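Heads up, the thing below is written out as structure tokens.
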């Protein structure tokens, strides 16, 4: 099966759907339109999975690429350039999978301005898919900013009590980073154009990857790019927008936020920071690894101190994404692969956690763990899904979370850049702490005597809710026991990326010093005096 | 090929059982009360694997077989498969796991009868067997780890099985988290192997592990051992096991006595060539094992809860096994794992039978409105049960004698072998082994004493529960007594696979021959000079004497006087008794130095830090921006003409710069 | 005495300054608008003068543009003035300060 413009269709189908929802007349039509559109998008996006051949190298050109060179006008090399390679395939699929799930989860949760809500949701999906598929930095930037606006409204209109504060905080944080990134990418585009593109400003990813700039400039540009992405990830200490945004956002918003929006940060780091600025990456790898490890431990500890279940899950994201960042800066194939699989894992399991917390909220209109207790008795099916997801999130072998965490930690342990055993040991304590805070939540919420009357009469999951959790649970098992097909999709691209980084490093490295001959005096080696 | 599919079946049956018993009733509530169906399926999916294992065992010719199913994960240079190894060690463990497992499943049908969570219980139990089989059969460390954490999960679920009591759930959390501390070390050990060797397959780890440089080996083995202390409840991570008794008794028998807690020993035996390459760490293992053995034994003497006694006894016996591993006699550790599975399984099931009976008494007391509260696990309210529960009493006695090391019962052979190996290692230059041997002898005495105490307080003497003249417990149904008898008999004869070399001239020690001789996968510490025959006989006699004297002491103290002896001992030993009764206050210590600082730190330091410092800085940026605009806003007069004036001056400035600049 | 270019420019400059002063100092919006017209026409005058002296018709063409823009501006401006007058009953700029801090 070979559909032309498949990638573009996957990106813009939700946008078409957004127009349709705007035209719909009743709430029901709106919801159904949104559901059908996102489901169709997901089905179509499966064509990306079948159409993508991991054996074909994407080192010069992505697969399923759509290009429109004249989009931005003459005189500059700014293209509409989207495509699929091993790095983004799974993230795109995760986005399209979460689409219908989020729509279903909002079915009864959203009570006002439904039409606007679903329209924004669909626009958001286009933005996120575009971010993951862009091979042009300007295009990427446009999509990156496009995600901001719908999310701002989703938090600000349908959120909880502090929604406006949270929404503004979210936008300001992200804008600070992305505007600095804009400056950096303009500089990069001009510099690259000057150096290797005949003076024509260029933002083509494949051109920029070839461009090797002086180490000092790399340092600055790397930091500007990395700042934007670190805020999005979010990396300690830039994470404080996250708990606010998560807690205030409606369930659907939280799921998208945790599931895919955060991945735009980690994905951006891999896609742009690493290959564009390899020298700077090596220079700052340890800094970022340390921040990531701090994030792992710190996020876990703060998570344990929460009394609000949603906030607890939000802080767990800080901890989990710390693993991803650590894996990225380890610069080994194992850790990078782990980071990619962990991005997907986190999207699935944290997404599911938010869904379930949302279901609890819908029933009891509270998220405080103290308001629950013992509900395993009244809602066994919900409890099953929750405990299952918690275990996946805590990295139990056999479920998805373990694969990512193990590969990341193992790959980081043997890494040349961040492979300090002590650092990795500290990072590994995250495995203990994850059990501490997640089991604490289960303990407070699900176990114990069923004392509160409202909890006793709580309704268990309805078929719609089971339906929307089921695919996630199946994926948790699938990716836990057989992650090989997923890993195989990204393996060549990851290897290629690391090769590119090494090649650029070798290019810019000062000519290797002549090997010094050693003298052996019977006891020790000493360098021989130079004979020049 | 045939072996491959048998192994697949062996593994998948318990998993299928878990799904059948767990998922179906979850979504179809009417299935939840079909106890016969659930119990039959649940037991069958463990019994059939036992038969498969027996078949494999019968047809085993000494060559290890690896069944490689599919690649689990592959990234970069690293690759690991779902591969399972059928060899002497894994077969023996599989037989124990499925055999004892099947008996305990059968037992549970009777024990859990009427519990609303019957289906859940069997689902968890089946899942446990699946995980445990992964643990013992896995051909690489990662599959082992899958089982390792899987059994931890099931242990968590089953300890907190009666979740409406928060105490049970808390005990489950404690078990899981303490296990995770061990798993943390295990993970690091795996990272070392991947970094140095590039593989986690046992074949390569065993072959290349000992060639790593010495400090790396030491680190790896130390970390593995820490991992083992978590799972096998050794110092410093042993405090979860006594709390784990919050779970239903069959769970205590299966998970917390017979199988899961021995997985640390299995892992060390599996990697024995690597462990042997780190003599320094072996000293640590022997010392920690010995200390755990005596610490737990002293606590066991003072406990009144029958399951707590058995739990500390388990910790103590596990300490013995670690002594064996520490002195390089891994096959003896596995031997003791096996015999321990028999007699401790029997003891726990017996205690379950007793609790079952005492529950009945409590129930009757309530019904008659006597208003007495009776703890069905407290030995102080038992006594004289011999009359009412003959099968339970007889099997319990057999197992008690076995664990005490009374000659010619199973525990005697394995324990004696451990002490002998420790002695032997001591004579050949391993100083820690001397310590382990002395402590081991003392512990053997204590073991006999506390087991005699438990037996006599429970079954002999006069009944101590209220209205004992009118109310009494009944013997349990056949589903409970059958496993008791099977295990009771096994605890008598189970030791004959390991008859000491001196008695049977070496050829009768089947277990040594099977595990460590010839093609056996288990290595042992090379001994340069053998101990003389006379010495060996002397040691056997010494060990027997210690056991007999110990049991006799216990009998004298507790046969007649019962509780009075406790009081006498308490006043005699004073502070020490208090220390033992308080379990050395390790829990309190951990609470103070680990739990409080971490949780308190999270709540009192980290969370406020995040809220007021990290987020405070962010908000500070906002406040500063606001403060600046508060001043600047006065420029906004709202008068068009003032803006126009500004424009004019601006124009003049620009023009001026263009003309004169 | 010949009327040279300088004369026109001087006149235009004077007119322009009068216009600026009118915009800055008068309070009646209509007068301000008239002052703006005055400034525009001062510019027109310079354009025509230069066009004449440099014999280039482009300047005169530009004047037509300016006149049409001025007409549009006056139309929009007066419409706004009427709207404001209707709602606030004043056309004094010092009273119209909705944007005051």
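One table, with the values for the structure above:
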read-out: Cubic angstrom per residue, convex hull over Cα atoms of the stretch B:505-653; value: 434 Å³
read-out: Average silhouette area of the stretch B:278-575, convex hull of alpha-carbon atoms, in square nanometres; value: 16.4 nm²
read-out: Nearest-ten-degree value, helix C:5-25 long axis tilted from longest Cα axis of chain C; value: 10 degrees
read-out: For the protein assembly as shown, the spread of Cα positions along each principal axis, largest first, Å; value: 148, 94, 63
read-out: For chain B, calculated [θ]222 nm from helices alone, where every DSSP H run of n ≥ 4 adds -39500 (n - 2.57); value: -23000 deg cm²/dmol
read-out: Pairwise FRET efficiency - residue B:8 versus residue B:40, Cβ, R0 = 25 Å, nearest 0.05; value: 0.65
read-out: FRET efficiency estimate (nearest 0.05) - Cβ-Cβ, residue A:179 to residue A:67, R0 45 angstrom; value: 0.95
read-out: Burial ranking of peptide ranges B:110-121, B:486-497 (average Cβ count within 10 Å, highest at the top); value: B:486-497, B:110-121
read-out: Distribution of pairwise C-alpha distances over the stretch B:596-661, 5 Å bins, in %; value: 4, 13, 10, 10, 9, 9, 9, 7, 6, 6, 5, 5, 4, 2, 1
read-out: Long-range tail of P(r) for chain C (Cα pairs > 15 Å, %); value: 68 percent
read-out: Helix axis angle, C:58-88 relative to chain C longest principal axis, alpha carbon, degrees; value: 10 degrees
read-out: Relative intensity, log₁₀ I(q)/I(0), of chain A from a Debye sum that treats every alpha carbon as a point, q = 0.05, 0.11 Å⁻¹; value: -0.20, -0.92
read-out: Förster radius 51 Å - calculated FRET efficiency between residue A:23 and residue B:659 (Cβ-Cβ, nearest 0.05); value: 0.30
read-out: Prolate/oblate/rounded label for the stretch B:94-136 (Cα gyration tensor, a/c 1.5); value: oblate
read-out: Segments A:376-386, B:231-241, A:461-471 sorted - mean Cβ within 10 Å per residue, highest first; value: B:231-241, A:376-386, A:461-471
read-out: The protein assembly as shown - share of DSSP beta bridges that are antiparallel (%, nearest 5); value: 95 percent
read-out: Degrees between helix A:6-23 axis and first principal axis of chain A (Cα, 0 to 90, nearest 10); value: 30 degrees
read-out: Stokes-Einstein diffusion coefficient of the stretch A:1-276, Kirkwood radius over Cα pairs, 10 °C, 1.306 mPa s, in µm²/s; value: 83 µm²/s
read-out: Relative pair counts by distance (%), Cα atoms of the stretch A:288-532, 5 Å bins; value: 1, 6, 12, 15, 14, 12, 10, 8, 6, 4, 3, 2, 2, 2, 1, 1, 0, 0, 0
read-out: Per-residue [θ]222 nm for chain A (sum of -39500 (n - 2.57) over DSSP H runs n ≥ 4, rounded to 500); value: -23000 deg cm²/dmol
read-out: Test item: B:159-167 mean partner chain Cβ contacts at 10 Å; value: 4
read-out: Quotient of C-alpha Rg and 2.2 N^0.38 Å, computed over chain B; value: 1.17
read-out: Mean-position separation - Cα centroids, the stretch C:11-50 and the stretch A:266-306, in angstrom; value: 62 Å
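Taken together, the values in this text are just the output of simple stated rules run on the coordinates, not laboratory data. Computed from a predicted model, the values in this text were never measured in an experiment. Heads up, the Cβs are rebuilt from the backbone with ideal geometry, glycines too, and the neighbour counts pull from every protein chain shown.
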